[in-house]
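Taken together, the values in this text are just the output of simple stated rules run on the coordinates, not laboratory data. Just so we're clear, the structure is a prediction, and the values are computed from it rather than from any experiment.
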Ligand code: 57M
């Protein structure tokens with residue numbers, strides 16, 4: 001909004017010229033999201049507590065989790081507010097990708113909200129039945145994928161490390177894009193099982209895709225790096241910046257010992273937004289590396305369930321992987337910070353692939 005209101009004033013004073021620059025608006029989207037989190041965070045946490053929207057902790061989990069019973073959850077509402085408001089404030093609102101990211105974030109946030117609401121408010125421990133949750137995730141992801149497909153979005157997929165390997169998927173790009181969005185949404189959801197364990201890697205991944213959106217949407221840089229140029233993608237740098245700021249702000253309250261959990265309203269939406277950013281920057285496969293922590297957590301569950309069904313034996317003491325380390329005697333903060341360190345290393349490697357090709 002500020003872009004539309006203030007940039008035209010450069011005719012009267014050159015100072016307003018600065019509002020055309022994506023870098024300027026991204027920095028202030030990060031700052032606005034961070035400040036917004038700090039300002040409304042305590043109010044949201046207090047409101048969740050007063051409304052008794054407290055986490056119900058499963059009894060079959062690691063015993064140290066039982067003390068977390070009643071921690072306010074659905075804090076993802078704070079994250080969504082801190083992403084959407086700065087985006088509306090700083091982004092060019094005529095850019096279709098900006099509205100696409102807002103749509104996927106809000107829609108998956110609503111799916112998570114219903115799940116959380118059923119679990120916490122209606123005391124229905126099953127929440128939204130897994131089949132329905134997946135169906136709604138599939139519907140939202142299909143909407144995004146079909147919109148992109150029918151608006152002529154590039155349906156080729158670049159392979160990291162191989163600059164000349166471009167896979168033309170054609171209509172198959174639709175199921176591929178759905179897989180990326182739904183996969184990322186569920187992987188973040190599974191990872192969100194320790195204080196800050198999901199939001200830390202989200203900050204790192206969002207910052208990485210904040211760089212990718214800027215590079216991919218800049219024709220000269222894209223040509224120099226020989227990556228696919230996506231016109232108008234650079235405006236998403238502002239959304240990704242707001243995602244970084246909002247997640248950093250949430251971490252202030254979600255860091256160990258957590259004052260609030262994000263709930264499915266946060267994990268499903270953040271994961272879906274990350275998956276959509278990966279699609280629009282044409283760095284879908286690289287998301288496996290950037291979001292490596294989420295991938296490993298999801299795979300640990302797949303392998304654990306598969307092994308138990310096929311062999312009747314578990315691979316890990318408990319899945320997802322973070323619970324295995326907990327049962328191995330690792331302190332919660334140690335698991336969390338080590339996962340963050342791994343996430344940073346994976347993101348640096350992912351960024352290096354733009355040159356290592
Ligand atoms: C998402 N939710 C946390 C919180 C957060 C198929 C199976 C692997 C599914 C999986 C599952 O239930 N996943 C649901 C993980 C839960 O966190 C809530 O959920 C939101 C995210 N969606 O925002 O509202 C618990 O995580 C802890 N937590 C924190 N700090 C945070 O900042 O400590 C969350 C956020 C919270 C809190 O204790 O209650 C969760 O873990 O449920 N199931 C599991 O993950 C279970 N694993 C399991 O059953 N493994 C089996 C098979 C199925 C693979 C096995 O290994 O044999 C574990 N989780 C729990 N109990 N709670 C173990 C049993």
Segment 19-150: Cα Rg divided by the 2.2 N^0.38 Å rule of thumb: 1.26
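Counting residues in segment 130-265 as N, plug N into 2.2 N^0.38 Å and put the Cα Rg over that result.
After normalising by residue count via 2.2 N^0.38 Å, the value is 1.19.
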Kirkwood hydrodynamic radius of segment 82-201, from inverse mean 1/r over distinct Cα pairs, in Å: 16.5 Å
Nearest 10 degrees, 0 to 90: helix 292-311 Cα axis against the chain principal axis: 40 degrees
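Taking N as the number of residues in segment 132-195, what is its alpha-carbon radius of gyration divided by 2.2 N^0.38 Å?
Working: Rg = 14.1 Å, N = 64, 2.2 N^0.38 = 10.7 Å.
Its radius of gyration relative to the 2.2 N^0.38 Å reference: 1.32.
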Pairs of alpha carbons in segment 40-89 whose separation is greater than 16 Å (percent): 51 percent
Degrees between helix 96-116 axis and first principal axis of the chain (Cα, 0 to 90, nearest 10): 10 degrees
Gaussian network model of the chain, springs between alpha carbon atoms under 10 Å - residue of 229, 21, 117 with greatest fluctuation: 21
log₁₀ of I(q)/I(0) at q = 0.06, 0.09, 0.13, 0.14 Å⁻¹ - the chain, Debye sum with one point per alpha carbon: -0.21, -0.48, -1.01, -1.17
Segment 233-357 - Kirkwood radius from inverse mean 1/r over Cα pairs (Å): 16.5 Å
C-alpha long axis of helix 130-150 to longest principal axis of the chain, angle in °: 10 degrees
GNM top mover of 46, 123, 11 - the chain, alpha-carbon springs below 10 Å: 11
Per residue, the convex hull volume that the Cα atoms of segment 253-292 enclose (Å³): 78 Å³
Relative contact order (percent, whole number), the chain, Cα cutoff 8 Å, 6+ residue spacing: 24 percent
Gyration tensor (Cα) of segment 208-259, equivalent ellipsoid semi-axes in angstrom: 32, 10, 5
Segment 254-319 - Rg over Rh from alpha carbon coordinates, Kirkwood radius: 1.09
